[in-house]
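Report on one structure; see the data block that follows.
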Amino acid sequence: MAEKLRPLVAGNWKMNGLAASAAEFGKVVAGAAPLAGKADLMICPPATLIPAFAASARGSAVTVGGQDCHAKASGAHTGDLAAEMLADAGAVAVIVGHSERRADHGETDAQVRDKAQAAHRAGLTAIVCVGEQRSEREARETLAVIGRQLEGSLPDAATGANLVVAYEPVWAIGTGLTPTPADVGEVHAFIRQHLRQRYGAEGGRVRILYGGSVKPANAGELLTIADVNGALVGGASLKADDFLGIAAVYG
């Protein structure tokens with residue numbers, strides 16, 4: 001019997017957003033009120049905006065997260081941010097292992113796991129991303145790839161409170177292509193099985209997000225699939241109306 005989990009809709013702004021973006025974020029905060037208690041909403045802006053966004057969201061139905069962190073708490077790592085720094089700035093979670101980090105920076109599963117452990121060390125929820133390339137899907141290697149990523153990227157000590165897994169079919173991000181509901185359901189069921197086998201009852205409490213070109217137009221179909229406990233939203237999260245339109249599935 002699947003456990004009833006409160007959905008999470010998280011927006012990944014990627015490298016977008018300046019101080020003026022506070023107005024758009026303010027619209028998200030204002031529009032999120034009817035969803036309080038029904039779904040958790042989170043925006044992960046560039047690190048430069050975390051303190052201001054966290055302050056303006058305080059007491060609302062919206063929280064703020066980071067997009068990446070270093071594995072260590074401090075040190076000679078120019079340009080990097082520790083998980084503790086994100087927490088100090090007001091973040092409650094951090095995305096690690098996003099496909100763009102894995103591709104652009106060559107991040108390995110082991111490095112992603114170290115970052116997730118750093119998030120836990122700092123008291124943050126780790127949103128760990130996994131997903132296959134188009135060539136891997138066409139070769140019917142999706143589940144094997146996801147299985148390897150889960151095994152290597154997830155910390156051994158994780159709970160439903162400090163871990164979220166996001167499935168992002170890399171070939172669907174920004175391409176307009178979307179897996180069928182059957183495709184999504186298969187992968188999410190596989191992830192749930194892995195989580196239960198590894199973490200026991202806690203594995204049933206870890207939220208699994210879908211993250212592949214989610215828009216208001218397809219949210220109703222994608223977010224009602226079994227074991228889809230919310231969404232990791234990319235481009236559509238930059239506009240408050242689109243982001244709230246996705247979250248409205250849970251209203």
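Does any residue in the stretch 222-249 that is without any contact (Cβ under 8 Å) to a residue 12 or more places away in the chain and farther than 13 Å from A166 by Cα come within less than 9 Å, Cβ to Cβ, of a residue that is assigned to a helix (DSSP H, G or I) and aliphatic (A, V, I, L, M) six or more places away or on a different chain, and which pairs are these?
Filtered contacts from the stretch 222-249: no entries.
Scanning the stretch 119-142 for residues that are part of a helix (DSSP H, G or I) and under 16 Å from the mean Cα position of the chain (by Cα), which turns out surrounded by the most Cβ atoms within 10 Å (Cβ to Cβ)?
Among those that are part of a helix (DSSP H, G or I) and under 16 Å from the mean Cα position of the chain (by Cα), it is A119.
Of the residues in the stretch 54-84, how many are part of a helix (DSSP H, G or I), aliphatic (A, V, I, L, M) and over 18 Å from W13 (Cβ atoms)?
Here the count works out to 1.
For (1) within 16 Å of the chain's Cα centre (by Cα); (2) in a helix (DSSP H, G or I); (3) modelled with pLDDT under 95; (4) under 29 Å from A87 (Cβ atoms), each residue gets a yes or a no:
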{"position": "A161", "(1), (2), (3), (4)": "yes, no, no, yes"}
{"position": "V165", "(1), (2), (3), (4)": "yes, no, no, yes"}
{"position": "W171", "(1), (2), (3), (4)": "no, yes, yes, no"}
{"position": "P179", "(1), (2), (3), (4)": "no, no, yes, no"}
{"position": "G185", "(1), (2), (3), (4)": "no, yes, no, no"}
{"position": "E202", "(1), (2), (3), (4)": "no, yes, no, yes"}
{"position": "L209", "(1), (2), (3), (4)": "yes, no, no, yes"}
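Out of the residues in the stretch 3-38 meeting the condition of being among the aliphatic types (A, V, I, L, M), in a loop (DSSP other than H, G, I, E, B) and within 20 Å of A219 (Cβ to Cβ), tell me which one is farthest from the chain's Cα centre (by Cα).
A36
I'd like to check something: does the stretch 98-109 contain any residue that is more than 28 Å from T178 (Cα to Cα) and not hydrophobic (A, V, I, L, M, F, W, C)?
no
Hey, could you check the stretch 211-232 for residues that are touching an Asp or Glu at 6+ places or on another chain (Cβ under 8 Å) and not in a helix (DSSP H, G or I) and say which is surrounded by the fewest Cβ atoms within 10 Å (Cβ to Cβ)?
Result: K215.
For the stretch 20-58, which positions are over 19 Å from V164 (Cβ atoms), surrounded by 14 or more Cβ atoms within 10 Å (Cβ to Cβ) and charged (D, E, K, R)?
Answer for the stretch 20-58, where residues must be over 19 Å from V164 (Cβ atoms), surrounded by 14 or more Cβ atoms within 10 Å (Cβ to Cβ) and charged (D, E, K, R): E24, K27.
The values are calculated or read from the model by the stated rules, or taken from the named source; none is laboratory data. It should be emphasised that the depicted structure is a prediction, and the values quoted were computed from it without experimental measurement. Methodologically, a virtual Cβ is constructed for each residue, glycine included, from the backbone with ideal geometry; neighbour enumeration extends over all protein chains shown.
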